[in-house]
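To start, the structure under review is shown below, and the notes come after it.
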Amino acid sequence: MKLEEVPTPEPGPGELLVQVAAVSVNRTLDLIVRAGKYQRPVKLPHVLGVDPTGTVVAVGDGVKRRKRGDRVCISSRRVVRKPGAPMTMLGIDSWGGYAQYVLLPEDVTALIPDGLDFHTATVVARHAPLAFNMVRAKAALKDGDWALVMGAAGGLGSLIVQAAAFYGAHVIAAAGSDERVAVARGLGAEFGVNYRSQDLTEEVMKLTDRRGVDVVFENIADPELFPKALASLRRGGKLFTAGAHGGPVVPLNVSTLYMNGLSIVGGTEHTEDDVAAALEAAGKNRLKVLIDRVMPLSEAVAAHRIVGERASTGKVLLVPE
């Protein structure tokens, strides 16, 4: 990666030109894409960045719901450029937000509530809608349920912890260090497990009186940890996954799966209602986001190294100078 000067784009029909205020660095959708190991290759030269926030500085023909001066974030990374055309993704199939300016279709943006800063909004829009969807719609967690959250101090995991606690679940926060476990406990988890120094399954069984948890949120896909997370489920329990930065290939004990009537559910879907609920909650200071550091866009290479070395707790953000 290197910093270059390129022409400022002009918005086409239905598009917004957004002056970028912040964009996050993501392990899969930035580091893996940059390394050429994503499921589909990008066309070079390419600009990364799937979740920019910023201010609308120009609008194209046909734009009706946004105007210059609006502060916006991404409500969906999946973009259809033309009617009938296949779905594409910002920062993968088109140039993304590692830039001073980015083009966004009007219909994939949401307004940032007054009082919510760009840095917080970037993290909320990136992870909170999915967290709300996984906890509320997919898992349907209710008061008294037990939930195990893997990677509980990460961008997505930390918000799942908060959402699960909000719905009254007993939350076990699992992370790879005592410090990260403590961070997740501070976000509302009742219990914590350091899965690098403790046996994950055994600790979960102790905490649940050998019953196991109702739901596991497993967004790591670490070959050693995935089987232990699956084995932490009670009979009839469900494992939900929306990430695989630690894998993606993991061993699966099929006997455990069918003998205990377990389910594994994958998906990254969320709705406009999830986006609205997440932004509203953040705007009312009901959500905490973990931001490790904010770095200038010119230091994107260093930011990738920090995230790649797992040397951060919370998100690393880039801001154009």
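The values are calculated or read from the model by the stated rules, or taken from the named source; none is laboratory data. This structure is a prediction, so every number in the text was calculated from the model and none was measured. Methodologically, a virtual Cβ is constructed for each residue, glycine included, from the backbone with ideal geometry; neighbour enumeration extends over all protein chains shown.
Consider the range 222-263 and keep the residues that are polar (S, T, N, Q) and out of contact with any helix residue (DSSP H, G or I) (no Cβ under 7 Å at 6 or more places or on another chain). The one that is nearest to Tyr38 (Cα to Cα) is Thr241.
Checking Val301, Val294 one by one, the residue that is in the same structural domain as Ala21 (by TED's automatic domain parsing), in contact with a Leu (Cβ under 7 Å, 6 or more places away or on another chain) and surrounded by fewer than 19 Cβ atoms within 10 Å (Cβ to Cβ) is Val294 and no other.
The set of residues in the range 286-306 being outside any strand (DSSP E or B) and among the basic types (Lys, Arg) consists of Arg286, Lys288, Arg305. One residue alone among Ala173, Ala137, Ala169, Ala125 is over 28 Å from Leu48 (Cα atoms) and either among the polar types (S, T, N, Q) or modelled with pLDDT under 95 (or both), and that residue is Ala137.
The set of residues from the range 307-321 being β-branched (Val, Ile, Thr), at pLDDT 90 or above and not in a helix (DSSP H, G or I) comprises Val316, Val319.
For the range 47-77, which residues satisfy the criterion of being within 24 Å of Ser298 (Cα to Cα) and touching a helix residue (DSSP H, G or I) at 6+ places or on another chain (Cβ under 8 Å)? If the condition is that a residue be within 24 Å of Ser298 (Cα to Cα) and touching a helix residue (DSSP H, G or I) at 6+ places or on another chain (Cβ under 8 Å), then Leu48, Gly49, Val50, Asp51, Pro52, Thr53, Gly54, Arg71, Cys73, Ile74, Arg77 are the ones that fit.
Close contacts from the range 1-15, counting a first residue that is farther than 14 Å from Val57 by Cα and not assigned by TED's automatic domain parsing to the domain that holds Val57 and a second that is among the β-branched types (Val, Ile, Thr) and surrounded by fewer than 13 Cβ atoms within 10 Å (Cβ to Cβ), with Cβ to Cβ under 6 Å and a gap of 6+ residues or different chains, come to Met1/Val301. Condition (residue is assigned to a strand (DSSP E or B), in the same structural domain as Val183 (by TED's automatic domain parsing), of a type outside the set (S, T, N, Q) and within 23 Å of Val316 (Cβ to Cβ)) applied to the range 125-148: is it met by at least one residue? The answer is no, given that none of the residues of the range 125-148 is assigned to a strand (DSSP E or B), in the same structural domain as Val183 (by TED's automatic domain parsing), of a type outside the set (S, T, N, Q) and within 23 Å of Val316 (Cβ to Cβ). Looking at the structure I just gave you, is Val215 buried (at least 21 other Cβ atoms within 10 Å of the Cβ), more than 15 Å from the chain's Cα centre (by Cα) and not in a loop (DSSP other than H, G, I, E, B)? Taking the combined requirement at face value, the residue satisfies it.
Look at the range 156-172 and say how many of its residues are surrounded by fewer than 24 Cβ atoms within 10 Å (Cβ to Cβ) and out of contact with any Leu (no Cβ under 8 Å at 6 or more places or on another chain). Selection size over the range 156-172: 2. Annotation: Leu187 fulfils all but one of (1) touching a Gly at 6+ places or on another chain (Cβ under 8 Å); (2) in a loop (DSSP other than H, G, I, E, B); (3) surrounded by fewer than 24 Cβ atoms within 10 Å (Cβ to Cβ); the unmet one is (1).
Filter the range 253-285 down to the residues that are in a loop (DSSP other than H, G, I, E, B) and in contact (Cβ under 8 Å) with a residue 60 or more places away in the chain, then identify the one that is nearest to Asp214 (Cα to Cα).
Here the answer is Gly267.
Of all residues in the range 142-158, those that are closer than 14 Å to Asp292 by Cβ have Cβ atoms under 9 Å from Cβ atoms of residues that are assigned to a helix (DSSP H, G or I) and of a type in the set (Val, Ile, Thr), 6 or more apart or on another chain, in Ala153/Val161; Ala153/Val181; Ala153/Val183; Gly155/Val123; Ser158/Val183. Taking the criterion of being in a loop (DSSP other than H, G, I, E, B) and surrounded by 17 or more Cβ atoms within 10 Å (Cβ to Cβ), the residues of the range 15-46 that qualify are Asn26, Val42, His46. On inspection, Pro113 qualifies as part of a loop (DSSP other than H, G, I, E, B) and either in the same structural domain as Tyr98 (by TED's automatic domain parsing) or out of contact with any strand residue (DSSP E or B) (no Cβ under 6 Å at 6 or more places or on another chain) (or both).
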